[in-house]
1. About its Cα centre, what dipole magnitude does the chain give when the only charges are +1 on Lys and Arg Cβ and -1 on Asp and Glu Cβ, stated in debye to the nearest 20?
2. In whole Å, largest first, what are the principal axis extents of the Cα atoms in the stretch 30-94?
3. Might you tell me the accessible area per residue for the chain, computed with a 1.4 Å probe and given in Å²?
4. I need the Kirkwood Rh of the stretch 17-65: take the reciprocal of the average 1/r across all distinct C-alpha pairs and report it in angstrom.
Amino acid sequence: MTYAKRVDANHKELTKALRDMGCSVFDTSRVAGGFPDVVVGKNGKTVLCEFKSSVTAKFTPAQDLFMMNWKGSTVVRIHDIDGVITLVKMLDKS
């Protein structure tokens, strides 16, 4: 299996922002097979998130394959703090 050689430059910032907004964050960036970067939990809800460095950054072939075959909820793509805020607002809604 191949593992991510590096994380996106904004990985630490986005993880911190999620935690600062009350989320549990489990870093899964070293998991192979295109698994998303983090698992986020808040208010009894769990979301898989893939961080990207920009709005134009592409998914790897392994990430595309994972998302195509994943039968759970849609993987959330986040590339900036606005994306974090949007996700947290969604998780705060009952």
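1. 140 debye
2. Per principal axis, max minus min of the Cα coordinates gives 34, 25, 20 Å.
3. Numbers: 6080 Å² over 94 residues.
The answer is 65 Å² per residue.
4. Here the Kirkwood hydrodynamic radius works out to 11.8 Å.
The values are calculated or read from the model by the stated rules, or taken from the named source; none is laboratory data. These numbers were taken from a predicted model, which means no experiment stands behind them. Reconstructed Cβ throughout: ideal geometry from the backbone, glycine too, with neighbour counts over all protein chains shown. To get the accessible areas, we keep the full protein, side chains included, count just its heavy atoms, and leave off ligands, DNA and RNA. Shrake-Rupley method; radii C 1.70, N 1.55, O 1.52, S 1.80 Å.
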